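*Asks:* Please see the structure below; I have some questions.
Read the figures in this text as sums done on the coordinates, not as results from a lab. Quantities reported herein were computed from a predicted structural model and do not represent experimental measurements. Backbone-built Cβ (ideal geometry, glycine too); neighbour counts: all protein chains shown.
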Amino acid sequence: MGDRWSVVAPLAAVAVVAAASLLPLGALLVWLAVPALIAAVVAAVHHAEVVAHRVGEPFGTLILALAVTVIEVALILSMMLAGGAEAAALPRDTIFAAIMIIANGAVGLCVVAGGIRHREQTFRLEGATSGLAALIALATLTLVLPTFTTSAPGPFYTPVQLAFAGVASLVLWGVFVFVQTVRHREYFLAPGAAGDDDAHAPPPTVAAAWTSFALLLVALVAVIALAKVLSPTLERAVAAAGAPPAVIGIVIAMLVLAPETWAAVRAARADRMQTSMNLALGSALASIGLTIPAVAVASVLLDMRLKLGLDSGKDLVLLVLTFAVGTITLGTGRTNVLHGAVHLVIFAAFLVLAFAP
C-alpha cells in the first residue's frame, strides 16, 4: 500500500500530543499541533473510506459516525469532570453546535460541492426522511422541551424527566441503527445501486481493513487530544477578541466533526450523495442518542444538574429554521446548489450570532 503518509500522520499526531503533555505549551508546540491536527483529520477520512469500502454502505458511514461520537462523549465527560457545576450547559451547547454544523454546514457544503460538479444529485427519500424524523424528535426532547417543563425552574429536567430523555434518546438511536443496517438497509443505499459498494475498485483485504480501522481510532483520538491541547490557546484568543465563551465549544465541535464533514464532501463530489446524507444524519443522531444517556448518568454520579434546554430565543429560532429547511431539502430526494446555499446561509447566521448575540 502506497499510502505510507496515512500511517505516519496519526502516529506523528500522537507524538505531538505526547510532547504537549510532557512539555510546556510554547509557540513552537502550538505551530506543530495545528498541522498535526490537519494531518490527523485527513488520515481519519482516508482510513474511514478504506473501512467503508470493505464493509459497504451503510456500515462504513456508521463506523465513522460512531467512532467520532464515542470520542466526542469522552471529551464532554472529561470537561464536565474538570469544570464541575460551571460545565452544566456544556452538553447542551455541544449538541446544539453539532446539529447546526452537521445539518447546515456539512449538508450545505455537500450539496453545493456536488451541485457545482454534477448539477443535480439524488438520494433515497425513505432513509433521509426516517433519519430526519428521528433527529427532530431527539432535538426537541433534549434541547427544546426542558425550557417549557414546569416541574423544575429554568431549562432543567427533573431526575425522572432526564432519565426518560436519556432512555428515549438511546432507544431512538438504536432503532435507527437497526433500520439502517438490518431491517431496511436498502433505504440507505444509492438509488439503483443495491449492494453497489464502489465497484469501480476492488475492496481492500480484511487485514488492510482492520489496520485502517485501528489507525482510524488512533487518528480520531489524536484529533480530540489535539483539540484539547489547543483549547487553552483558543480560550485566550476568544477572550482577547471579546467573543462569548460559547464560541470555544463551536470551534472544538468543528474540529471533532471535521473528519465526517470532509468525508461527506468528498462523497458528494464523487457523486455519492447517498453516502453524504448517511454520514450527516447518522452523525447528528449519534451525537444526541449517545451523548444524552452518557451525560445523564454522569450528572447522577457527579450530583450535577444539567442545563439542557435552549434558553435563548435566537437558538430556538435557528433550530426551527434548520429543521423547516431540512424538511424541504430532504423531502424530494433531489438536491441542487440553491438548497445548499440556503443551508450555508443559515450556518453563517449561526456563526455570526454566536460571536455577536
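*Asks:* Pick out which of Val182, Val16, Val325 has the largest mean-square fluctuation in a Gaussian network model of the chain, springs linking Cα atoms closer than 10 Å.
*Replies:* With Cα springs under 10 Å in the chain, the top fluctuation among Val182, Val16, Val325 is at Val182.
*Asks:* Right, another one. Could you tell me, in Å, what Rg and Dmax come out for the Cα atoms of the stretch 18-145?
*Replies:* Values for the stretch 18-145 (Cα only, Rg and Dmax): 18.4, 52 Å.
*Asks:* With a cut-off of at most 14 other beta carbons within 10 Å, and DSSP calling the residue loop, which trypsin sites (Lys or Arg not before Pro) in the stretch 31-131 qualify? Please list them.
*Replies:* Arg119
*Asks:* How would you classify the stretch 282-357 from its alpha-carbon gyration tensor, with a ≥ b ≥ c the square roots of the eigenvalues: rounded for a/c under 1.5, else prolate if a/b is greater than b/c, otherwise oblate?
*Replies:* Since a/c reaches 1.5 but b/c is at least a/b, the shape of the stretch 282-357 is classed as oblate.
*Asks:* If I model a spin label at Val345 and Thr327 as a point 7 Å from the Cα along the Cα→Cβ vector, what separation in nanometres do I get?
*Replies:* 2.0
*Asks:* A follow-up question, please. Determine, for Lys307, Lys228, Lys314, the number of other Cβ atoms within 10 Å of each Cβ, and report the residues in order from fewest to most.
*Replies:* Lys314, Lys228, Lys307
*Asks:* Taking a temperature of 10 °C and a viscosity of 1.306 mPa s, what whole-number D in µm²/s does Stokes-Einstein yield for the chain with Rh from Kirkwood over alpha carbon pairs?
*Replies:* 77
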